[in-house]
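The values are calculated or read from the model by the stated rules, or taken from the named source; none is laboratory data. Not measured: the values here are computed from a predicted model. Every residue, glycine as well, gets a Cβ built from its backbone with ideal geometry; the counts of neighbours run over all protein chains shown.
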Amino acid sequence: MRIVVASGKGGTGKTTVATSLALAAGEFVHFMDCDVEAPNAALFLHPVLDQHQEVGILLPVVDESLCTYCGKCAEICEFHAIAIIGKKTLVFPELCHGCGSCTLVCPEKAISERLDVMGVLESGMTATGIDFAHGVMNVGEPMAVPIIRQLKKWMPATPPAIEIRDAPPGASCPVVETIRGADFVLLVTEPTPFGLHDLKQVVGIARELGIPAGVVVNRDGIGDNAVEAYCTEAGLPILLRIPMERRFAEAIASGRTLVEAAPEYRQAFLTLLENITARAAV
């Protein structure tokens, strides 16, 4: 069971829900923090990160002594990361997605590849038995997707019963890559106009990918009922409501999870997990 916890913007409570869901689920859980630009789930789950691996993409390196400037490499690159200008082959690393097409089509075998390190993958166990992994992107890197893609492949030796992915905020390519291949998308929102606007964006992604989704309303009790009306109209089940309470904010600010601050919510998250499992199986 692969569950992605997502939201259309930061600060909605996505990591709060993802970490508490993982703690409630117990053992045999693999948790991935896919917000590689600013991962923070480790602050709440406290894993011992004893596994490290550099991660990046393979960039083309052109041997000018072999290149005949035929232009085949530039023709096949849909990202325009390589160009032929007269008797010069130019490579633009910031545009390259590391697909390797230019290397494959070069008739002179003039293109080799080198690893461009974009960040690091780290993993380890938490005190509660959760197998934890996250990616950390180097400052200044333009693309998070290659790191997320490799993080998803960095699985524990024993296949987990449940995989929880904490998605990046927003509704851009990193979110799409995180959701891709999941069994269920849990959308965290808040009952405000901003929350509704951003919820609609991620709902669109889940439906485009054909993945069932449900909603958690965080800070329930503020704002208006527009989110609830939209969910009813769109056929989106609201699976959990978390009220706006000071103790939750204090716990998060001190690095504690919601189920640690309010143990009575552990059963609510177990019920949430049961509902997700049932809906994903339909």
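Within region 101-124, the set of residues being more than 28 Å from the chain's Cα centre (by Cα) and assigned to a strand (DSSP E or B) comprises I111, S112.
If you go through region 125-156 and keep only what is under 15 Å from C173 (Cβ atoms) and of a type in the set (G, A, S), you end up with G135, A144. For region 194-228, what are the residues that are of a type in the set (A, V, I, L, M, F, W, C), over 28 Å from R247 (Cα atoms) and either surrounded by fewer than 16 Cβ atoms within 10 Å (Cβ to Cβ) or without any contact (Cβ under 8 Å) to a residue 12 or more places away in the chain (or both)? Listed by number, the list holds a single entry, L209. Within region 38-70, being in contact with a helix residue (DSSP H, G or I) (Cβ under 8 Å, 6 or more places away or on another chain), modelled with pLDDT of 95 or more and of a type in the set (G, A, S) holds for one residue alone: A41.
In region 228-258, which residues are part of a loop (DSSP other than H, G, I, E, B) and closer than 15 Å to K14 by Cα? Passing the criteria: M244, G255, R256, T257.
For region 25-40, the set of residues classified as of a type outside the set (D, E, K, R), surrounded by fewer than 23 Cβ atoms within 10 Å (Cβ to Cβ) and farther than 11 Å from T128 by Cα consists of H30, A38, P39, N40, listed by residue number. Annotation: of all residues in region 62-100 being under 29 Å from the mean Cα position of the chain (by Cα) and aromatic (F, W, Y), the one that is nearest to S112 (Cα to Cα) is F92. Taking (1) within 17 Å of F28 (Cα to Cα); (2) at pLDDT 95 or above; (3) part of a loop (DSSP other than H, G, I, E, B) in turn, G129 satisfies each apart from (2). Reported count of residues in region 210-241, each being more than 27 Å from R180 (Cα to Cα) and at pLDDT 95 or above, is 1.
Screening E163, E177 for residues that are of a type outside the set (K, R), surrounded by 14 or more Cβ atoms within 10 Å (Cβ to Cβ) and touching a strand residue (DSSP E or B) at 6+ places or on another chain (Cβ under 6 Å) leaves exactly one candidate, E163.
Against the condition under 28 Å from A171 (Cα atoms), without any contact (Cβ under 8 Å) to a residue 40 or more places away in the chain and not charged (D, E, K, R), how does H80 come out, does it pass? The answer is yes for H80.
Of all positions in region 157-167, at least one carries a residue that is free of Cβ contacts under 8 Å to residues at least 12 places away in the same chain, within 22 Å of V29 (Cβ to Cβ) and of a type in the set (G, A, S).
A quick yes/no check of all residues on (1) in a helix (DSSP H, G or I); (2) aliphatic (A, V, I, L, M):
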| residue | (1), (2) |
| --- | --- |
| G56 | no, no |
| V61 | no, yes |
| E75 | yes, no |
| T89 | no, no |
